[in-house]
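The values are calculated or read from the model by the stated rules, or taken from the named source; none is laboratory data. Computed from a predicted model, the values in this text were never measured in an experiment. Note that each Cβ is placed from the backbone with ideal geometry, even for glycine, and that neighbours are counted across all protein chains shown. Note: accessible area is taken over every heavy atom of the protein model, side chains too, but ligands, DNA and RNA are not part of it. Shrake-Rupley method; radii C 1.70, N 1.55, O 1.52, S 1.80 Å.
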Amino acid sequence: MAELKYKRILLKVSGEALMGEQSFGIDQSVIERVATDIENARALGAEICVVIGGGNIFRGVSVAAQGGDRVVGDHMGMLATVMNCLAMSSALNAKGIPAVPMSAIAMPEVCESFTQRGAKAHLADGKVVLFAAGTGCPFFTTDSGAALRAAEMQCDALLKGTQVDGIYSADPKIVPDAIRYDTITHADMLKQGLKVMDAAAIALAQDGNIPIIVFSLHEPDGLVEILQGRGRCTVVSD
Ligand code: UDP
């Protein structure tokens, strides 16, 4: 087994990443690629928790923006994350990797409900655990859900896979001379209002002393490199 810098990790993948080139929904080839990254990381001996967003299907704010009930919209958004988790766990299972989706909202016919005890037992059995439905509460995001579960599961790091190779002072696709950080503190991220994650998620990670690693999901072997303390990324720690 390789020497791992981060042994137990929580991987956060945004729903949007799963769209690939599509404008909505799930591109199965992206699911397969991320599943392979998880497979390779697990083969190194990593214990892997996963949180997937729902923005490729639904976001609560879009209901509120049209005058609808935000809470209902957020419930719909959380259900979208369940769909994504089911797709990812099924792709992992198809590769022979035991993976268990656990939902913050009870839906026993569909998947297990989240309990810390149950999730820890699955990890100890070598299974990948996917946390669906975010925090289970409206007005939160799956980034906050990821920070919460990373704290509950005592993860060594929260890895946020994005479209770019780290944290920039501004969106590098819009501002070409934006500054890229190799490292930054949780406090500076909050102070500068950097949009990589919402403030609640950063504050939770800061409280739990959990490093956040932001890296590109498009980098081949990006995840396995990061687990070994290499790779191109921004490390957020105090
Ligand atoms: N959501 C929520 N509570 C949570 C997590 C998510 O209400 O704890 C809802 C919210 O409407 C959000 C949607 O689920 O817009 C999808 O999650 P998110 O926007 O975080 O997905 P991502 O941007 O990562 O794809």
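If you wrap the tightest convex hull around every Cα atom of the range 195-238 and split its volume per residue, you get 78 Å³. Close amide H pairs (under 5 Å, H built 1.01 Å from N) link residue 157 with 10, residues at least 5 positions away or on another chain. Computed from the Cβ-Cβ distance with R0 of 41 Å, the FRET efficiency linking residue 179 to residue 64 stands at 0.75. Convex hull volume per residue, computed on the Cα atoms of the range 88-176, equals 145 Å³. Think of the range 172-238 as having a plus end and a minus end, set by charges on the Cβ of Lys, Arg, Asp and Glu; of 224, 193, 211, 193 sits farthest toward the positive end of this dipole. Evaluating 6.51 cos²θ - 1.76 cosθ + 1.60 at θ = phi - 60° for every residue in the range 203-214, the Karplus couplings come out as 5, 5, 5, 4, 4, x, 6, 9, x, 10, 10, 9 Hz, glycine and proline recorded as x. Remark on the range 51-122: Rg and Dmax equal 14.0, 45 Å (Cα only). Computed about the Cα centre, the dipole magnitude for the range 144-195 is approximately 160 debye when only Lys and Arg (+1) and Asp and Glu (-1) carry charge, each at its Cβ.
For residue 102, the residues 5 or more places off, or on other chains, whose built amide H falls under 5 Å of its own are 130, 131, 132.
Along its first, second and third principal axes, ordered by size, the range 1-104 spans 54, 25, 21 Å in Cα coordinates. Per residue, the chain exposes 45 Å² of solvent-accessible protein surface, assessed with a 1.4 angstrom probe and all protein chains in place.
Note: relative contact order over the range 1-152, using C-alpha pairs below 8 Å and six or more positions apart, is 25 percent. Structure remark: mean-square fluctuation, Gaussian network model of the chain, C-alpha springs under 10 Å; the largest value among 160, 191, 120 belongs to 191. For the chain, the square roots a ≥ b ≥ c of the C-alpha gyration tensor eigenvalues yield an a/c under 1.5, which makes the shape rounded.
For the range 182-192, backbone phi angles converted through the Karplus equation (6.51, -1.76, 1.60; θ = phi - 60°) give residue-by-residue couplings of 7, 9, 7, 8, 4, 4, 5, 4, 5, 4, 7 Hz, Gly and Pro being listed as x. Placing unit charges on the Cβ atoms only, positive for Lys and Arg and negative for Asp and Glu, gives the chain a dipole magnitude near 260 debye about its Cα centre. Take 231-238, 65-72, 24-31, 144-151 and order them by the average number of nearby Cβ atoms within 10 Å per residue, most first; the result is 144-151, 231-238, 24-31, 65-72. Contact order, relative form, for the range 82-168: 23 percent (alpha carbon pairs under 8 Å, 6 or more residues apart, mean separation divided by residue count). Most tightly packed first, judged by the mean number of other beta-carbon atoms within 10 Å of their residues, the peptides 99-112, 170-183 read 99-112, 170-183. Bridges between two residues of the chain, per DSSP, are antiparallel at a rate of about 20%. Applied to the range 138-147, the Karplus parametrisation 6.51 cos²θ - 1.76 cosθ + 1.60 on θ = phi - 60° returns per-residue 3J(HN,Hα) values of x, 6, 10, 10, 6, 5, 5, x, 5, 5 Hz, with x for Gly and Pro.
Remark: for residue pairs 5/127; 120/195; 127/191; 12/95; 7/173; 5/95, the C-alpha separation exceeds 29 Å in 120/195; 127/191; 7/173.
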